[in-house]
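Worksheet for the structure shown next.
The values are calculated or read from the model by the stated rules, or taken from the named source; none is laboratory data. Just so it is clear, the structure is predicted and the values come from calculations on it, not from any experiment. When we count neighbours, we look across all protein chains shown, and the Cβ atoms used for this are built from the backbone with ideal geometry, even at glycine.
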Ligand SMILES: [Zn+2]
């Protein structure tokens, strides 16, 4: 018996779980242990296979139930709207429920349920380009259509959180600062969920089969412009938004591609490329005089993948 396994047995020995649950947990830990160091287990969890954990709904409330030695125990769960959608799909059988984990994090209990389902690749020919920025968090373009997702309110709320923390900092209320940071993260995550959902909805309504975004993995090394420096500052939320767009696209059967970010902001549709084409939020071609919102011009160039797809 290895270290992780015996630790789990010890933790479970005074709990009232049937051996099926303990065994499932040990199987999961063993398979995870192959990929990571034992020391990295900071939280303990127990695992259920799809037969042991049952999702149910009573009125507006969702419950999950699992077996203990004495009886099945049902607990109500708090679910956000996007999580409710998936719970509904488990209930109506359009997704297949896999293994689940019950774990505790910062004094709260969570249940993570894995699901699988088939996605049919969309054959629509149109390409959507998405540019991330500061004035507008995201600009999406498909052919002649475009959508701007405002960042103003986001910036405002984040400034308010930062100001509050600065005030707290002076009185050294560290736990309050941490709480404020967590609250901001949750708020931002919620915003990103909404924006990514809207983007995918526009894509689906406009015959999009491919979504393209810039590959900004090495942005740190080339943060020259103000826009890119700003992106750095908020990189975790941009990264989060991008990840959400990617998985929501793929779940909808839309192919997700990364393009090389070179020259997307300074190239005109006439082909002329010059740094001076772009001035803040305005794009104006020095050669042909074409004008456009700079972020939209970026989104159009991203859709075209003017510098090619990222490797
Ligand atoms: Zn031009």
Write out, first by first residue and then by second, each pair whose Cβ atoms fall under 9 Å of each other, whose residues are 6+ apart or on separate chains, and whose first residue, in segment 270-281, is closer than 12 Å to residue 301 by Cβ and assigned by TED's automatic domain parsing to the domain that holds residue 295 while the second is within 12 Å of the ligand (Cβ to nearest atom) and assigned to a helix (DSSP H, G or I). 277/297; 278/297
Quick one: would you say residue 177 is touching a residue at least 60 places away in the same chain (Cβ under 8 Å) and either out of contact with any helix residue (DSSP H, G or I) (no Cβ under 6 Å at 6 or more places or on another chain) or not in a loop (DSSP other than H, G, I, E, B) (or both)? no
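Any residue at all in segment 182-191 that is closer than 30 Å to residue 262 by Cβ, in a helix (DSSP H, G or I) and modelled with pLDDT of 85 or more? Show your work before the answer.
Our first condition is that a residue be closer than 30 Å to residue 262 by Cβ; within segment 182-191, this holds for 188, 191.
Imposing the further condition that a residue be in a helix (DSSP H, G or I) reduces the set to 188, 191.
Applying the additional criterion that residues be modelled with pLDDT of 85 or more yields 188, 191.
For segment 182-191, residues closer than 30 Å to residue 262 by Cβ, in a helix (DSSP H, G or I) and modelled with pLDDT of 85 or more: present.
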Residue that is nearest to the chain's Cα centre (by Cα), among those in segment 233-281 that are within 16 Å of the ligand (Cβ to nearest atom) and at positive phi: 263
Looking at segment 63-84 only, could you name the residues that are in a helix (DSSP H, G or I) and surrounded by 12 or more Cβ atoms within 10 Å (Cβ to Cβ)? 82, 83, 84
All but one of (1) within 21 Å of residue 214 (Cβ to Cβ); (2) part of a loop (DSSP other than H, G, I, E, B) hold for residue 172; which doesn't? (1)
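Give the residue, chosen from 102, 132, 87, 91, that is surrounded by 12 or more Cβ atoms within 10 Å (Cβ to Cβ) and closer than 20 Å to residue 254 by Cβ. Walk me through how you get there before you give the answer.
Working: 102 fails: closer than 20 Å to residue 254 by Cβ; 87 fails: closer than 20 Å to residue 254 by Cβ; 91 fails: closer than 20 Å to residue 254 by Cβ.
Being surrounded by 12 or more Cβ atoms within 10 Å (Cβ to Cβ) and closer than 20 Å to residue 254 by Cβ holds for just one of 102, 132, 87, 91, which is 132.
Of all residues in segment 126-147, count the ones that are outside any strand (DSSP E or B) and within 18 Å of residue 194 (Cα to Cα).
Here is the first cut: in segment 126-147, the ones outside any strand (DSSP E or B) are 133-135, 143-144.
Within this subset, residues satisfying the condition of being within 18 Å of residue 194 (Cα to Cα) are 133-135.
Adding up the residues that qualify gives 3.
Name every residue in segment 282-308 that is assigned to a loop (DSSP other than H, G, I, E, B) and either over 15 Å from residue 130 (Cβ atoms) or within 12 Å of the ligand (Cβ to nearest atom) (or both), in order of residue number. Spell out the reasoning first.
Filtering segment 282-308 down to residues assigned to a loop (DSSP other than H, G, I, E, B) leaves 285-290, 305-308.
Listed by number, the residues that qualify are 285, 286, 287, 288, 289, 290, 307, 308.
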